[in-house]
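Let me begin by presenting the structure, written as structure tokens, before commenting on it.
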Amino acid sequence: MIAGCSDGGDPATTATTQTSVSAAQSSIPQGVNATDIEFLEWMYPHHVQALDMAKMVEGRTDNAELLALAAQIEAAQGPEMAQMSGMLMKWGRLDSASMSMEGMDHSGHGVGMAEMPGIMSGDDMTPLTNASCAEFDKMWLTMMIEHHAGAIAMSETEIADGLDPASEKMAEAIIAGQQAEITQMEAMLAGR
């Protein structure tokens, strides 16, 4: 597994992060906090990568269960992305429809996109892109389990620290749906 690392924080970076967060909080709407905004701003590109991975399945495997799971992921996460985009636009944040993995800058939040839980790097994705059949199935399932675990971790932070009820409800739905999919994927890997 690939995991983001941090050395615990450079005092200059910490001060810059605190200043950036304080400045960002001055524009946060009533009833919403920085955790709610960060949750949606991060979950959107996280879902983008999940959809990209789901779209890779067609043509690389003939595993009917994996094909159905990829379709299920697309069906669940596409509407969630639309909801996230609408909420962020309502809160006066950037239009999340234009957000991408590479285009997002979360330096003000103190954590870069590469350190987002469950995000796969380009180096992780290249072998998946080149794989097929049983090799692809195993790699895709392993990576998607890690990806889903990252989404669950982000959702747990939202539930613990968020303020907006709609964001918390979305986080609860993400945890329930993605934990069920993790259980299914683990069974698929075990049955190989």
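Summary table below
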{"quantity": "Proximal lysines to K138, defined as alpha-carbon separation beneath 19 angstrom and excluding residues fewer than eight positions away on the same chain", "calculated": "K55"}
{"quantity": "Highest average packing first - 168-180, 123-135, 39-51, 142-154, Cβ atoms within 10 Å", "calculated": "39-51, 142-154, 168-180, 123-135"}
{"quantity": "Linear extension gain, A153 paired with D52, 0.36 nm per residue minus alpha-carbon span", "calculated": "34.3 nm"}
{"quantity": "Projected-area average for the range 32-190 over all orientations - Cα convex hull basis, square nanometres", "calculated": "8.8 nm²"}
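Computed from the coordinates by the stated procedures, all read-outs in this text should not be read as laboratory data. These figures come from a predicted structure and were not determined experimentally. Cβ sites come from the backbone with ideal geometry, for glycine too, and all protein chains shown count toward neighbours.
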